[in-house]
Structure formats: structure tokens, C-alpha cells
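The values are calculated or read from the model by the stated rules, or taken from the named source; none is laboratory data. Every value quoted in this text rests on a predicted model; they were computed, and no experiment measured them. We place every Cβ from the backbone using ideal geometry, glycine too, and count neighbours over all the protein chains shown. All accessible areas refer to the heavy atoms of the entire protein, side chains included, with ligands and DNA or RNA removed. Shrake-Rupley method; radii C 1.70, N 1.55, O 1.52, S 1.80 Å.
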Amino acid sequence: MAKKEKPLSVISVRRRPGHPSEGLLRFGNVTIRCALGRSGVTAFKREGDGATPTAAMRLCYGYVKSRRISPIKSRLALRMIRADAGWCDAVYDRNYNRPVLLPYPASAESLLRDDCLYDVCLVLDWNLHCRKQACGSAIFFHVAKPGFPPTEGCIAVSQRDMARLLPLIDSRTVIKVER
């Protein structure tokens, strides 16, 4: 019987030299390409700045869109995205940076998208537990668009690389973004 691999404890992300909105994601001895925020990375994250926070962020849980993904093997808790799944980005709302049901009276992003971005969408613990108003919401680890264009502040990898990473991560895995 094959030995079960130990989950990754740390995944490191660095900016790609000369390309502020592109990164290199490393786990073990593997390095893959990733997309970062359109404003690069920052230690002073603000809502809407388009930057990926420089931080060590734990993976909490994730969402998947069932019709596009083959059976997923993951140690991380994954929820199917429903049509009414949303994420509140209204700075002064009591549910800021929390999942909400749509329609929602304040500003909220739909998690059910027509593109592939949230086919797999993993929630990072950025500003999640001790929320600070306007310090950034919805920092996810998700699937990149073709060509790796910038994100709004998330970290994104190819669908193939996401499928490769999912069996290796759990809720103790930390994504460490460095300048």
C-alpha cells in the first residue's frame, strides 16, 4: 500500500521579477506560475486597491463549481457553489468579508461565475477572523484566466496546477506571499 503524502505546511509566493502582477508559487521543489493583483503585492492592503497582501495566510475552506470539475480529491473542506452564494465586499456592512446569500442588500460578489475563475475557489484567512473595515475582502486562491492576467488581489493558478495542489493541502496549509 502506498504511503499517504503529508500535507504541505507552506506554499510560498513571490513576485516574478519585472512583472508585478505575476508570481512564482513554490511548494516542495516545484515552482509554478501564478497571477497576482493588478497592483502587485503590498504590506498595506486596502479595499479595492487591486493588490495581493504580503502576508502568511491560512487556507480555511473552499468552493467548487460542480459542473466544470471532475471528482476532486482534497483534504480541505469544499462546498458546492449554489446560485445564491455571494461574498460581501461592502466595507461598512456587518457581514463585510463574509459569505452571504444573494440577493444581498449591500454590495456582494456572486461566487457562481460564468468563467472558470471560481471553478475552485479557496478562502484565505486574510482579514477574516478579526475583520478591519476597508482592509480588503475576498482574498481567494482560485483558478487563473488563460494567459494569467492580473486578479483583483487574489492568487490564481492554472486549473491543472490547482488540481495538482488540492490533494496536497489542508486547513493547516499556509500561503506565504513575499515581496
**Asked** Which order do peptides 59-66, 72-79 fall in by mean Cβ count within 10 Å, highest first?
**Response** 59-66, 72-79
**Message:** Report the per residue volume, in Å³, of the convex hull enclosing the C-alpha atoms of segment 51-120.
**Reply:** 123
**Measure of compaction for segment 127-174 (Cα Rg per 2.2 N^0.38 Å)** = 1.35
**Message:** Below 18 Å, Cα to Cα, which lysines can Lys45 reach? Residues fewer than 8 away in the same chain don't count.
**Reply:** Lys132, Lys176
**Message:** Can you give me the Kirkwood hydrodynamic radius for the chain, using every pair of distinct Cα atoms, in Å to one decimal?
**Reply:** 16.4
**Message:** Net charge within 9 Å of Leu25 by Cβ-Cβ distance, Lys/Arg positive one each and Asp/Glu negative one each, not counting Leu25 itself?
**Reply:** +2
**Asked** Given a 1.4 Å probe and every protein chain left where it sits, what share in percent of the accessible area of segment 1-135 is carbon and sulfur?
**Response** 53
**Fill in**
Rounded to the nearest 5, the percent of DSSP beta bridges in segment 16-59 running antiparallel is 80
**Asked** So what's the gap between the Cα centers of segment 74-119 and segment 1-58, to the nearest angstrom?
**Response** 22
**Asked** Which FRET efficiency value, to the nearest 0.05, is calculated for Arg33 and Ser171 with the Förster distance at 25 angstrom and r the Cβ-Cβ distance?
**Response** 0.50
**Message:** If you restrict to DSSP beta bridges whose two residues both lie in the chain, what percentage is antiparallel, to the nearest 5?
**Reply:** 65
**Request:** Grab the other residues whose beta carbon is less than 15 angstrom from that of Arg94, score K and R as +1, D and E as -1, and report the net.
**Result:** +1
**Request:** Measure off 7 Å from each Cα along the Cα-to-Cβ vector at Arg82 and Phe44, then give the distance between these two points in nanometres to one decimal.
**Result:** 4.1
**Message:** Could you compute the net charge surrounding Gly50? Neighbours are other residues with a C-beta less than 9 Å from the C-beta of Gly50; K and R count +1, D and E count -1.
**Reply:** -1
